[in-house]
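Visitor: Okay, handing you the structure first.
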Amino acid sequence: MMKEYVRKMKISATLFGAVLGILILVSGNTEIKADTVETITPAYMKSMDAYDSTVKLSYDHKFDMPGEMNNKEKSDIIKVVIPRDSIVRMDYQFYEGSDSPDFMGMSWGYVEVYTNQILSDKILSKMCNCGSQESPKTGKVLISLKKGTYYVKVIAHRNWYTDKSESIYNKLFLTGISTKDAFAVTAKKTSKDAYKLNVKSNLGVELNNIYYEKGIYHFEKNDYSLKGIGSGAGSVKVSGEGQYSVVFAFGDATSTFDLNPYNSVVLKVNLDKTKPVITGVKNGKTYRQPVIVKFSDKGSGIKAAKLNGKSVKSGKKITQNGSYTLIVTDKSGNKSTVKFIIKNKK
């Protein structure tokens, strides 16, 4: 087995952009031992449009390609630890060094992302031709990653024969924005049974599209009911309360058939402006016998119910004399309040 070595990535705290995750380089071997992991707390960008290509890159490596090497490749593996659900922007470039023979265009590179250490579950693959040192070839992609550990494989490939050696350089820059900060959906009731959904992306880069549908969207089904809103901030009118799904598509998701958890984010919106229903007591009434209070909510469901400031469950029987205030709140923030008095006969 090729001897494993680990090179710690240097991350500058003064970068204009933010380096995402933990980057540990392992050469020539997919086995990454746990004791080589070094924890680094990354900073996050508030918007992807703050990215500046002139800043120092997170990963910068030289691949030495020996002579008499035809249709061969060399690769490195970078371990990336995502501290929270994030939208990650990957900027990459490949170029041949000044020592390379004059065969431009016959070498290229790949950037691949895997969910496991044995590199069996690939979730992204991007190819990039090699340019010159003066004009490197570049690419970029957005990818949605849940909190966890991922492995980025960087590959240098030469597809021509020569007895001379050459160098291929790769640079990779990762930035991130928390998923919960990346997108926003708000709803406003416009009439008795109509709403206006306002959608917004805070990424700072243009999306491929934003879709919506009534109900819960599932990636594993081909859903023909998705309707497009546009690639940026926009709004759409919908009718009826209930749950809606808003899908933000980016990366390699060019149509509804390409959507998956890595190139899109689904936000669920529950349109519920109806207050919870309280039965068993009425506001302002005085009762001469014990009462049983019940409450329910068919929309978003009950979030909290308090009787005189203390939590209470539906079906509570109240027997003691006194003044009572029952406040029931649903998960959409709608609130119902009933005040009543019990004066049992002696």
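Visitor: Take region 325-346 and flag every residue that is within 19 Å of Y287 (Cβ to Cβ) and outside any loop (DSSP other than H, G, I, E, B).
Guide: T325, L326, I327, V328, S336, T337, V338, K339, F340, I341, I342, listed by residue number.
Visitor: How many residues are under 14 Å from V281 (Cβ atoms), within 42 Å of the chain's Cα centre (by Cα) and either part of a loop (DSSP other than H, G, I, E, B) or of a type in the set (S, T, Y) (or both) if we restrict to region 297-324?
Guide: So the count comes out to 4.
Results for (1) in contact with a strand residue (DSSP E or B) (Cβ under 7 Å, 6 or more places away or on another chain); (2) at pLDDT 85 or above; (3) assigned by TED's automatic domain parsing to the domain that holds G251, shown as yes or no for each residue.
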residue: C128; (1), (2), (3): yes, no, no
residue: E134; (1), (2), (3): no, no, no
residue: T138; (1), (2), (3): yes, no, no
residue: L142; (1), (2), (3): yes, yes, no
residue: K153; (1), (2), (3): yes, yes, no
residue: W160; (1), (2), (3): no, no, no
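Visitor: Looking at K268, is it part of a strand (DSSP E or B), of a type in the set (D, E, K, R) and either at pLDDT 95 or above or within 30 Å of F219 (Cβ to Cβ) (or both)?
Guide: It is true that K268 is part of a strand (DSSP E or B), of a type in the set (D, E, K, R) and either at pLDDT 95 or above or within 30 Å of F219 (Cβ to Cβ) (or both).
Visitor: May I pose another question? List, please: which pairs have Cβ atoms under 8 Å, are six or more places apart or on different chains, and start with a residue in region 281-310 that is without any contact (Cβ under 8 Å) to a residue 24 or more places away in the chain and end with one that is outside any strand (DSSP E or B)?
Guide: Pairs that qualify, where the first residue is without any contact (Cβ under 8 Å) to a residue 24 or more places away in the chain and the partner is outside any strand (DSSP E or B), are K294/G280; K294/S314; K294/G315; S296/P276; S296/S314; K306/V312.
Visitor: Right, here's the next one. Looking only at region 194-209, count every residue that is in contact with a strand residue (DSSP E or B) (Cβ under 6 Å, 6 or more places away or on another chain), in contact (Cβ under 8 Å) with a residue 40 or more places away in the chain and of a type outside the set (A, V, I, L, M) and tell me the total.
Guide: 5
Visitor: Kindly provide the set of residues from region 208-228 that are surrounded by 15 or more Cβ atoms within 10 Å (Cβ to Cβ), modelled with pLDDT of 85 or more and of a type in the set (D, E, K, R), ordered by number.
Guide: E213, K214
Visitor: If the requirement is being of a type in the set (D, E), outside the structural domain of I87 (by TED's automatic domain parsing) and buried (at least 18 other Cβ atoms within 10 Å of the Cβ), which of these qualifies: D258, D297?
Guide: Unique residue meeting the criteria: D297.
Visitor: V281 versus (1) closer than 30 Å to V246 by Cβ; (2) of a type in the set (V, I, T); (3) in a loop (DSSP other than H, G, I, E, B): which is the lone unmet condition?
Guide: Only one criterion is unmet by V281, namely (1).
Visitor: Being in a strand (DSSP E or B) and of a type in the set (A, V, I, L, M, F, W, C) is the filter here; which residues of region 209-263 pass it?
Guide: Within region 209-263, I210, I229, V236, V238, V246, V247, F248, A249 meet the criteria.
The values are calculated or read from the model by the stated rules, or taken from the named source; none is laboratory data. The structure presented is a predicted model; accordingly, all values stated were derived computationally and were not measured. Cβ atoms come from the backbone with ideal geometry, glycine included; neighbour counts cover every protein chain shown.
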